[in-house]
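Scroll down for the structure; my scribbles are underneath it.
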Amino acid sequence: MADLHGANGEHEMFREALGAAAIDALSDEEMKSVLEHVAHCESCSAELSALRRYASQLSYAAPIEPIDQARSDRVRKQLIARAKADRQPLEISSAKLTTSKEDIVQPQIPKRRVVNWVTAAALAASVVALAALVSERRGLLESLDRERAGRVSEVAALRGELSERDAALSTITGPSVKVIALAAPTARPVGAVMFWDRASDQWTFIAHDLPRLELGRTYQLWLVLGTSPRSIAVFAPDALGYARVSIRMPLDPNARPQVAVTDEPGGGSTLPTTNPIMVGQVSG
Amino acid sequence: MPDTGVVSDEELLRRMHNGDADSLGRLYDRWSPLLFPLVVHLLTDPDEAEDVVQETFWQAWRHADRYDAARSDVAGWLFVIARSKALMRLRARRRRREEPLPSADAPELVAPLADPAVNAELAGRRAIVLAALAGLPPEQRHTVDLAYFHGMTQQEIAERTGQPLGTVKGRIRLALEKLRQPLAALAEGGL
Ligand SMILES: [Zn+2]
């Protein structure tokens, strides 16, 4: 039975590669074919799981190098802030979004406002559109997960390029940092945090699970003082919805700005033209 | 925030799943001292390592429910996430030819005494893994080092060391066979 013999030869060949697979020492292509075999070979599947389980213990032997404590503390702080923002999406009340007259410090806005976007009503209107985006997003993530399992290089390349940009960006820490959690007006589909270091005028924005926008559209980040939106940056999340923006921008340390994200035409707008996808305000 | 060590990693994940951000902090305090060096060592870029560590814990936060105790302990799960994220970046870089492979005479795994900041259990596990690695013939140990801690593929190791690919494959296979017993015992929770 040639078929059986062939299948068995294949099995033996892949069997021998499982150790290398467990420690990720295969090329993408090799890994892909090994995983294809493993998917329909119970014995190899069990063996690969066992190998991975114990091979992961090798990490305990990672060379111990001194960690930059400030760096580690910064990551911890950002994680906690992101996690808190992630689980409290409905803290943004309509009251917070309505600016009081005393707050209006900068009246240099054109009279013709395209959208009266800083209102609770506008936020409510965006919920439906956002829900649609989120379900689309889920599909994308699932397909990305599948691709990931096959270690398709596109995601890796995107990640790599993103990190390159990120590496050039400085981040922030210290007692002068204000944390602004941004939330979407619906139950936690997306979330973001802005860190404002009032001592160094450094602003760092981190968002996750952002839906992919339509072609020709871009995300735009705004700082709103009183009723005056100031564009901070246009940005695009990576394939997994992660984005980080870091800029230096002086602002009165006592200011209580709002931070908002909108979906704008490519290149961005001078004033927001759509309802914000996420908003947040400096508290206390 | 002192970690009394009373709460298990699994319990921390359960709490994280229920929205407790402080438990994420505790998990971070427990495992970031090990994840940071692992990732820095792979990527050799502290800024990128910072991103990977942050994304690793973020994934643990978002997908705490995906942890499967039957497949690994929590630390092993975190290692796998961190390592795969780091490798994706590393290999993307190498594909673009921006990243030289580490030299073949990359430093051997050494056994520095555990950092006092690292807790006793960690030090114990570390000692077991280092002992297991020390029991390998030098060429096997070196091959595992290049693959696991420098993120090189078999092919890359062969090119870099000038050894035939078949030899490299054989070394990895033999090394993992020898590591199986001590590491599997560790993975099953034995110390
Ligand atoms: Zn098989």
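Taking segment A:206-244 only, how many residues are open to solvent by 10 Å² or more (accessible area, probe 1.4 Å), under 20 Å from A:ARG256 (Cα atoms) and β-branched (Val, Ile, Thr)?
2
Tell me, which residue of segment B:154-168 that is within 11 Å of chain A (Cβ to nearest Cβ) and touching a residue at least 24 places away in the same chain (Cβ under 8 Å) is farthest from B:LEU90 (Cα to Cα)?
B:VAL168
Anything in segment B:141-170 that is among the small types (Gly, Ala, Ser) and open to solvent by 60 Å² or more (accessible area, probe 1.4 Å)? List them, or say none.
B:GLY162 - this is the single residue of segment B:141-170 that is among the small types (Gly, Ala, Ser) and open to solvent by 60 Å² or more (accessible area, probe 1.4 Å).
Restricting the search to segment A:54-79, which residues are open to solvent by 40 Å² or more (accessible area, probe 1.4 Å) and more than 7 Å from chain B (Cβ to nearest Cβ)?
Within segment A:54-79, A:PRO66, A:GLN69, A:ALA70, A:ASP73, A:LYS77 qualify.
For residues that are surrounded by fewer than 19 Cβ atoms within 10 Å (Cβ to Cβ) and at the interface with another protein chain (Cβ under 7 Å from one of its Cβ atoms), tally how many sit in segment B:42-74.
3
Filter segment A:28-53 for residues that are more than 10 Å from the ligand (Cβ to nearest atom) and surrounded by 14 or more Cβ atoms within 10 Å (Cβ to Cβ) and give the result.
Listed by number, the residues that qualify are A:ASP28, A:GLU30, A:MET31, A:LYS32, A:SER33, A:LEU35, A:SER49, A:ALA50, A:LEU51, A:ARG52, A:ARG53.
Name the one entry in B:ARG173, B:ARG125, B:ARG180 that is within 7 Å of another protein chain (Cβ to nearest Cβ), farther than 21 Å from A:LEU26 by Cβ and either open to solvent by 10 Å² or more (accessible area, probe 1.4 Å) or at pLDDT 95 or above (or both).
Checking each option against the conditions leaves just B:ARG125.
Since A:LEU251 meets every condition but one in (1) assigned to a strand (DSSP E or B); (2) touching a Phe, Trp or Tyr at 6+ places or on another chain (Cβ under 9 Å); (3) modelled with pLDDT of 80 or more, which condition does it not meet?
The one condition A:LEU251 does not meet is (1).
The values are calculated or read from the model by the stated rules, or taken from the named source; none is laboratory data. Because the structure is predicted, anything quoted here is derived from the model rather than measured. Cβ sites come from the backbone with ideal geometry, for glycine too, and all protein chains shown count toward neighbours. Please note that ligands, DNA and RNA were not included when accessible areas were found on the heavy atoms of the full protein model with its side chains. Shrake-Rupley method; radii C 1.70, N 1.55, O 1.52, S 1.80 Å.
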